[in-house]
Amino acid sequence: MREIIKKISRVISKTNEYNEDEEEQVEYALRIVIFEFLKIVGVIILFSLMGYPVRAIVAIGTMTLVKPYIGGYHEDTQVKCFTATLIIVGCIIYLSINLRLDFIAKLILNLVSFYCIWQQAPVINPKMEITRPELIKRNRVLGIAFSLALIFISIIFNKYTLVSDVIIWTIVFQALLMFNKRERNCK
């Protein structure tokens with residue numbers, strides 16, 4: 001797959017007369033888009049086969065809107081990333097089916113999650129570090145805005161628990177996964 005992506009990026013770069021740095025950027029962007037697309041489709045197909053297509057789509061949609069901007073948990077290989085995403089979405093679906101949340105519980109979970117996102121966003125991945133202050137600020141604003149919009153949707157659709165509960169549990173997991181890094185001081 002990586003070789004095919006490399007060949008496609010070369011063609012794009014030659015066609016547009018890009019230099020070597022620009023070609024690397026094209027290759028990186030293309031790789032991210034293709035792998036993320038395959039991961040999203042794979043997760044939705046697997047959970048659809050288990051009978052939860054709407055829940056999987058809502059969870060993946062929520063993750064797709066929030067995660068790129070707030071940062072947090074990352075795996076170092078595509079296989080680990082896919083596996084982690086399957087586990088996280090599976091947990092979200094399980095909780096949304098088996099735990100009934102009343103309106104106050106939904107408000108509490110939403111408020112705590114939003115507070116965590118407000119305090120932490122964006123968490124910078126050391127392997128794909130963003131260093132420009134304007135990009136960090138933009139990601140923070142977008143992450144908070146998307147989170148807040150989804151929280152309002154979960155409250156508006158309070159009675160439609162399939163959507164409401166999946167959004168809430170997804171936001172909770174995204175907020176929790178912002179705290180996954182711990183510096184170890186082994187002296």
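The values are calculated or read from the model by the stated rules, or taken from the named source; none is laboratory data. Values in this document were obtained by computation on a predicted structure and should not be read as measured data. Ideal geometry is used to build each Cβ from the backbone, glycine not excepted, and the neighbour counts take in all protein chains shown. Ligands, DNA and RNA are stripped out before the accessible areas are found, and what is left, the full protein with its side chains, is counted by its heavy atoms. Shrake-Rupley method; radii C 1.70, N 1.55, O 1.52, S 1.80 Å.
Overview of results
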{"read-out": "Label point at residue 10 placed 7 Å out along Cα→Cβ; residues across segment 24-68 whose backbone nitrogen lies under 14 Å", "value": "24, 27"}
{"read-out": "As computed over the chain, the Cα convex hull volume per residue (Å³)", "value": "163 Å³"}
{"read-out": "Residue-normalised accessible area of the chain, expressed per residue, 1.4 Å probe, Å²", "value": "63 Å²"}
{"read-out": "With every protein chain in place, segment 38-131: carbon and sulfur % of accessible area (1.4 Å)", "value": "70 percent"}
{"read-out": "Sequence ranges 163-172, 27-36, ranked by mean other-Cβ count within 10 angstrom, highest first", "value": "163-172, 27-36"}
{"read-out": "Relative contact order for the chain, counting Cα pairs under 8 Å that sit 6 or more residues apart, in percent", "value": "28 percent"}
{"read-out": "Between 0 and 90°, nearest 10: helix 53-70 axis offset from the chain longest Cα axis", "value": "60 degrees"}
{"read-out": "Full-extension gain in nm, residue 145 to residue 91, via 0.36 nm per residue minus C-alpha separation", "value": "17.0 nm"}
